[in-house]
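Right, one structure below, let's go through it.
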């Protein structure tokens, strides 16, 4: 699952938008409301699986229950 898919799967109802931009030289940055929260250039690595979700959850809150349950 891509990062964009993971974020939309969790927080689609509360996100106003999600923007993906192509870059050069392997750049990978994540920002929320214009504030950088992860930078591959600064940390010299890609994020670990689930790391971006852990960074964003305090800002976005727990993912809402927004899909109907099929366990009935």
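Every read-out reported here was derived from the displayed coordinates using simple, explicitly stated rules and does not represent laboratory data. Quantities reported herein were computed from a predicted structural model and do not represent experimental measurements. Neighbour counts run over all protein chains shown; Cβ positions are idealised from the backbone, glycine included.
A compact table of results
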| quantity | calculated |
| --- | --- |
| Residue ID - surrounded by the most Cβ atoms within 10 Å (Cβ to Cβ), chosen from residues in segment 27-39 that are assigned to a loop (DSSP other than H, G, I, E, B) and touching a helix residue (DSSP H, G or I) at 6+ places or on another chain (Cβ under 7 Å) | 28 |
| Only one of 51, 36, 29 that is in contact with a strand residue (DSSP E or B) (Cβ under 9 Å, 6 or more places away or on another chain) and within 17 Å of residue 5 (Cβ to Cβ) | 51 |
| Any hit, segment 3-22, residues being free of Cβ contacts under 8 Å to residues at least 12 places away in the same chain, loosely packed, with under 11 Cβ neighbours inside 10 Å, within 11 Å of the chain's Cα centre (by Cα) and outside any helix (DSSP H, G or I) | yes |
| Residue that is surrounded by the fewest Cβ atoms within 10 Å (Cβ to Cβ) [pool: residues in segment 40-61 that are free of Cβ contacts under 8 Å to residues at least 12 places away in the same chain and more than 13 Å from the chain's Cα centre (by Cα)] | 44 |
